[in-house]
Amino acid sequence: MAKAEKDVKDKKAKDKEASGDQHNDPTPKTSMITWLILVAVIVAGSTGGFALSQLIGGPAVGADGQSDTQEDVDPIEEILAVDQSGKSSWLFEDLEAVLANLDEPGVSRYVRVLVTLELSPELDEEKGRAYLAEKKVILRDWMTTYFAGLSLEDVRGSRNHTRIKEEVQTQFNDILFPNSRPYVQRVLFKEFAVQ
């Protein structure tokens with residue numbers, strides 16, 4: 001009987017070791033994590049490669065030499081000057097004055113700003129002015145909201161004026177020419193009065 005008990009104990013010890021090895025073996029988990037990481041890297045790489053090829057490659061050209069893109073003409077393309085040899089003299093466009101209360105608690109302070117946009121000479125003057133006339137309401141609304149969110153300290157000094165010009169230029173390019181290269185080259189202040 002002692003031998004039978006010893007055999008049972010030995011069998012239990014072997015079973016315990018075998019089951020313990022299965023739980024402590026890092027190979028299945030590590031293998032699964034390795035495969036997941038590999039799949040993620042492949043997906044990210046192929047997605048990035050595709051995006052880069054679309055960015056750099058431009059539109060696809062079919063067998064007939066025509067572009068495979070849609071026939072719709074981009075509104076930005078419509079306002080570009082056809083003849084680039086004699087650059088247009090049209091570069092500047094004045095916007096209406098913007099008057100906005102500054103974000104100052106307890107005190108009524110306001111800013112009056114007159115902005116002139118310096119535009120790329122690549123834009124056709126007539127079509128460009130018509131396009132800007134359509135968008136002036138949106139630009140003015142954005143500027144009013146933007147200046148109303150600034151405090152007195154945010155509008156003081158040349159460093160802040162430079163920062164404001166850059167932020168206005170970036171936003172105007174996003175509003176006027178989305179998904180295109182920026183055609184607003186500079187934002188100039190004709191008047192910047194704080195009271």
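None of the figures in this text is laboratory data; all of them are computed from the coordinates on show. Remember, predicted model here, so these are calculated numbers, not experimental data. Reconstructed Cβ throughout: ideal geometry from the backbone, glycine too, with neighbour counts over all protein chains shown.
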Other-chain or far-sequence residues with amide H under 5 Å of residue 186's (modelled H) | 118
Scan the range 110-195 for trypsin sites (Lys or Arg not before Pro) in coil per DSSP, keeping those whose Cβ has at most 12 other Cβ atoms within 10 Å, and list them by number.
-> 156
For the range 75-194, what is the convex hull volume of its Cα atoms per residue in Å³?
-> 99 Å³
Can you give the net charge of the other residues whose Cβ lies under 14 Å from the Cβ of residue 194, counting K and R as +1 and D and E as -1?
-> -2
